[in-house]
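Worksheet: the structure to be examined is printed underneath.
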Amino acid sequence: MAGNASVVYDLPPLPTFTLSVREPLLPPIPDNVLALMLPIIAYWGLSMIYHFIDVNGYFEQYRLHTPAEVLKRNKVTRWEVIRDVVLQQIIQTIAGYAMSYFDAAEVVGREEHDVAVWATRLRLVQKAIPSTLAFVGVDALGLSKSMYQNGHSMLAGVLAGGSYPGLVQSVVLDNGAQAMAPAFASWELSVASFIYWYLIPGFQFALAVSILDTWQYFLHRAMHLNRWLYVTFHSRHHRLYVPYAFGALYNHPVEGFLLDTAGTGVGYLVSGMTSRQSMLFFTFSTIKTVDDHCGYAFPWDPLQHVTSNNAAYHDIHHQSWGIKTNFSQPFFTFWDRLLNTQWKGETKLRYERARENAQKQLDSEINQAKIETPILTIPQEREPERVVVSTDGPATRTRFRRKTVDSLKGPSHGVPGSVLHK
């Protein structure tokens, strides 16, 4: 039987742990593969919802552009857009899988230990409280005793520098002996759990978003300021003067890789996300990009109100008069505001003029097509011959037919009537 040992602990000991490989979220698909699949599923799923709204004419009052503008102003067909988007998604899938192939397998089992590490840090911060308060003339220990007498034991422990005499636990030493050691307060473990499970992942997500916004702003702006980059790569995306949802990733393959695939990849790597965190980051970034190109300003769409970088904001960049502004994408407008590249002019009259011009062009082409379409007349069929039997003689064959000369007169066929009567 193991005996008791007298060991002095200054801090609560950390729990032991055993590591194991993390099971896939959706077996048998590995998490790294699922992280590459979800953005593509989200892209086409959301795009088809917007496409269904487009072709059925729903919510016309929220459209940024009319159907006539889609037909007359865009310089690329929908099938060409689909082809290039699929190509980009193939490239990003190959690149993403190649990068994840060299990643070590993710493990689980040390979560409780890591939470305790954060609780330990909280305890160390508390140890600095008495000296800090003494610096400004506050007797922390005296105040702690007063709090303890009034029944506020947790607050008393904090003021005393993280001293909780009543919180102890029994631990087993390496030699099998038992010893008493300090334990964490419940609030320390609660705060540490919040930090570990929510605050740190939230910070990683915010960092990845900031990196992606910064990456895309400066590369996007460079492709407009450098003529060779614009003509060679970025001009393809601007064949869509009237953006629609599944054209969000319509890019030159090189631009698509540098702007989207590499940008999200750098954000993921620098922020230190796990594969499951990357699922959220990649998928949410894709959804935001599709929403920014949807062509609708819905008042109930949360993605268009969380930040001012929305479909209406990015649509200005796709117009000939706003192409040198509003470079920020896909989340915030920080860099546009900081570097003074945000559109500040009037937009309503410009949009109305574009709608009117597109409608006039469409109406003109329809009228021209009607004029050029030849009007054909269908000739009358002759009646069949009839046999008339006479009592005075043999049967004779007589033809009964309508006159067709008059039916050919007039300008519909281009032959003058005088010619027909000669």
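The values are calculated or read from the model by the stated rules, or taken from the named source; none is laboratory data. Since the model is a prediction, treat every value here as computed from it, not as a measurement. Because the Cβ atoms are built from the backbone with ideal geometry, glycine has one as well, and the counts that use them run over all protein chains shown. Keep in mind that these areas ignore ligands, DNA and RNA; they rest on the heavy atoms of the full protein, side chains included. Shrake-Rupley method; radii C 1.70, N 1.55, O 1.52, S 1.80 Å.
So, of the residues in segment 219-243 that are among the aromatic types (Phe, Trp, Tyr) and in contact with a helix residue (DSSP H, G or I) (Cβ under 8 Å, 6 or more places away or on another chain), which turns out to be nearest to Ala312 (Cα to Cα)?
Keep residues of segment 219-243 that are among the aromatic types (Phe, Trp, Tyr), which gives 228, 230, 233, 241.
Still in the running and in contact with a helix residue (DSSP H, G or I) (Cβ under 8 Å, 6 or more places away or on another chain): 230, 233, 241.
Working: Tyr230: 23, Phe233: 24, Tyr241: 13 Å.
Among those residues, the one meeting the criterion is Tyr241.
Residue-level check: of (1) open to solvent by less than 20 Å² (accessible area, probe 1.4 Å); (2) closer than 22 Å to Leu199 by Cα; (3) of a type in the set (S, T, N, Q); (4) within 15 Å of the chain's Cα centre (by Cα), Thr283 misses just (1). May I ask you to list the residues in segment 169-212 that are surrounded by fewer than 16 Cβ atoms within 10 Å (Cβ to Cβ) and within 26 Å of the chain's Cα centre (by Cα)? If the condition is that a residue be surrounded by fewer than 16 Cβ atoms within 10 Å (Cβ to Cβ) and within 26 Å of the chain's Cα centre (by Cα), then Trp197, Tyr198, Leu199, Ile200, Gly202, Phe203, Ala206, Leu207 are the ones that fit.
Out of Ala311, Ala297, I need the residue that is in contact with a Cys (Cβ under 7 Å, 6 or more places away or on another chain) and either within 25 Å of Ile40 (Cβ to Cβ) or modelled with pLDDT of 90 or more (or both). Which one?
Details: Ala297 fails: in contact with a Cys (Cβ under 7 Å, 6 or more places away or on another chain).
Answer to the check: Ala311.
The residues of segment 244-271 that are touching a helix residue (DSSP H, G or I) at 6+ places or on another chain (Cβ under 6 Å) and in a loop (DSSP other than H, G, I, E, B), listed by number, are Ala248, Leu249, Tyr250, Asn251, His252.
Any residue that is part of a helix (DSSP H, G or I) and in contact with a Phe, Trp or Tyr (Cβ under 6 Å, 6 or more places away or on another chain) - is there at least one of those in segment 74-84?
Yes, that holds for at least one residue.
Would you point out the residue of segment 296-330, among those that are under 15 Å from the mean Cα position of the chain (by Cα) and of a type in the set (A, V, I, L, M), that is surrounded by the fewest Cβ atoms within 10 Å (Cβ to Cβ)? Once the filter is applied, the top-ranked residue is Val306.
When segment 97-131 is limited to residues that are of a type in the set (S, T, N, Q) and either within 32 Å of the chain's Cα centre (by Cα) or exposed (fewer than 12 other Cβ atoms within 10 Å of the Cβ) (or both), the one that is modelled with the lowest pLDDT turns out to be Ser100.
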